[in-house]
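Input: a single structure, listed below in structure tokens.
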Amino acid sequence: MKTRIAIRRALGIGGIAVATVVAGTVFARAPFTEAELQQQMDTLYGVIQTGYDLWHGSEPSMTSNGLACANCHPDTAASNPQTFPKYQTMYGKVVPWQEMVNWCIENPQLGERLSPESDQMTAMKAYAMYLHRGLPIEPGLASEQTAAVPVAFGTGFKREPTGLGVDTREYTPERR
Amino acid sequence: MSEVNKSRRDFLAFSGKAGVATLVAQAAGINLGIVDVVKAEAGGKVDPFRFAIISDAHLYSMDNHKFDQQLIDAVNKVNSMNPKPDFVLFGGDVAQNGTEDQLVKGAEILAKLEMPMKIIPGEHDWYLDMGEAWRGLFGDETWSFNHKGVHFIGLNSILVEDFWTPAGLSPKERMTVMEMLESPIPGPWGVHEKQLEWLAKDVKDLPPSTPIVVFTHSPLWDYYPRWNFQTSDAPEIREILSKFDNVMSYHGHVHQTLYNRIGNMSSVAAMSTSWPWPYPPVELAYPETRMNRADPSIATDGQGVQLINLSENFEGLVEYKPFEDSLTPFMQDGFKV
């Protein structure tokens, strides 16, 4: 009797498993194709490009004294997106990275803040995050300076604009 | 009269007496009191003295821009030094966009220095008109002089190959490309062949014991080429100067405290008067000479001027004089080079 019950249970579990696999092949979305993935990345690179342009002063409302984010943060260095949210003394509370960008826009740059949800802010964050890819996420790290991903030392320069203004696109960080 | 000359005339009319004298003398190739007409003597003994370095003002065209006051603060800081330095070296990038009004504004402020000044150009000064306005205001960009036993050399290290003609860029577009620190277009800077030949000739007859100070905008070593924290023909410069017992290199451009030593050459960077730059992702040979990370809520943190004291035996005591409390304990009392 016990054996019969065990067999029934096994068949039941197995049946569910088989049904799941069959249903998965019928109803689940197939993995993205290489072409689709490429399209997604190209879309991302386009947004990063917009972020690069904004970082370098393409939006006049972000400054009234000529300063752009890139003046102090070449290659987004020391903008440290991987360390946010964190406590900022000028706010006296924990703020997201977007808020720190707005602080810089309003203070050193004497410009008009962006909506944290705007496409422009998303683009700048995409640019900064892209140049900090592979670095560990460490919210709150405030005392140490972090830099963007390194560019091969002493290898010279590309003679054509890469679109991103960086030649780090070939850099693949070590996965952690 | 060209616009440059007209503006220069206007500027000279405006400037104070001491500043006018300095500028006129520089334009004429005279170095006032800082010139020791006798070549540095064999034996390498120095009559001890001090000089200051101000660098990277990056002045904009707007009236009362905060960088104007920061350069004024730097000038006042040097003027108030006691004893006063014998002279001041300015490390390039008076202007941000290379416009004549920015350069004139910088010259007006620097004319308030109570001691002579020598200056070399930065890329922000140069690529709008290829140095025409700069030369009109400050004279030749390649120079040398002797002072109290030390041979000082200034070089223009921000020269690049012509990328603008094939691309059909306007002067303003060329300047915009050069203004961007991480621009991949211009390629690495250097002093190029003519200045290398000039340098070789300049030091040809100097004995190896001659104390040498070489002054450039960019560092004479491969620090971080991506941001042009380098001079492409620095190896050739170091080779030409390799016969000397001791060479000190001082430079601007990197907007931070920094020291390195390669062979017989020590290298010291100047803080800017405009904004500090983060340290690039490079391991430093002397990490103790890094300054504290600047606090963005303090507008002048991480900026300042430099005072160099040279001893009889050509030892240099480098003292960074920041506007704020930017220095680590190691740096507080200066360090020897």
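The values are calculated or read from the model by the stated rules, or taken from the named source; none is laboratory data. Keep in mind the model is a prediction, meaning the values are calculated, not measured. As a convention, Cβ positions derive from the backbone with ideal geometry for all residues, glycine included, and neighbour counts pool all protein chains shown.
The residue of segment A:38-91 that is surrounded by the fewest Cβ atoms within 10 Å (Cβ to Cβ), among those that are within 11 Å of chain B (Cβ to nearest Cβ) and more than 23 Å from B:E179 (Cα to Cα), is A:T89.
You will find that of B:D86, B:D125, B:D129, B:D140, the residue that is in contact (Cβ under 8 Å) with a residue 24 or more places away in the chain, under 29 Å from B:L196 (Cβ atoms), surrounded by 24 or more Cβ atoms within 10 Å (Cβ to Cβ) and of a type in the set (D, E, K, R) is B:D125 and no other.
Looking across segment B:290-330, just one residue is of a type in the set (K, R) and assigned to a strand (DSSP E or B), and that is B:K321.
Note on segment B:267-306: residues that are touching a helix residue (DSSP H, G or I) at 6+ places or on another chain (Cβ under 7 Å), away from every other protein chain (no Cβ under 12 Å) and surrounded by 17 or more Cβ atoms within 10 Å (Cβ to Cβ) amount to 3.
Can you tell me how many residues within segment B:48-57 are surrounded by 21 or more Cβ atoms within 10 Å (Cβ to Cβ) and touching a Leu at 6+ places or on another chain (Cβ under 9 Å)? Quick ask: steps written out before the conclusion?
To start, the set of residues in segment B:48-57 that are surrounded by 21 or more Cβ atoms within 10 Å (Cβ to Cβ) comprises B:51-57.
Within this subset, residues satisfying the condition of being touching a Leu at 6+ places or on another chain (Cβ under 9 Å) are B:51-55, B:57.
Matching residues across segment B:48-57 total 6.
Which members of segment B:178-205 meet the condition of being among the β-branched types (V, I, T) and at pLDDT 95 or above? Reasoning before the result, please.
Taking segment B:178-205 and keeping what is among the β-branched types (V, I, T), we get B:185, B:191, B:203.
Correct list: B:V191, B:V203.
Taking segment B:180-199 as the range and being away from chain A (no Cβ under 14 Å) and of a type in the set (A, V, I, L, M) as the test, the residues that pass are B:V191, B:L196, B:L199.
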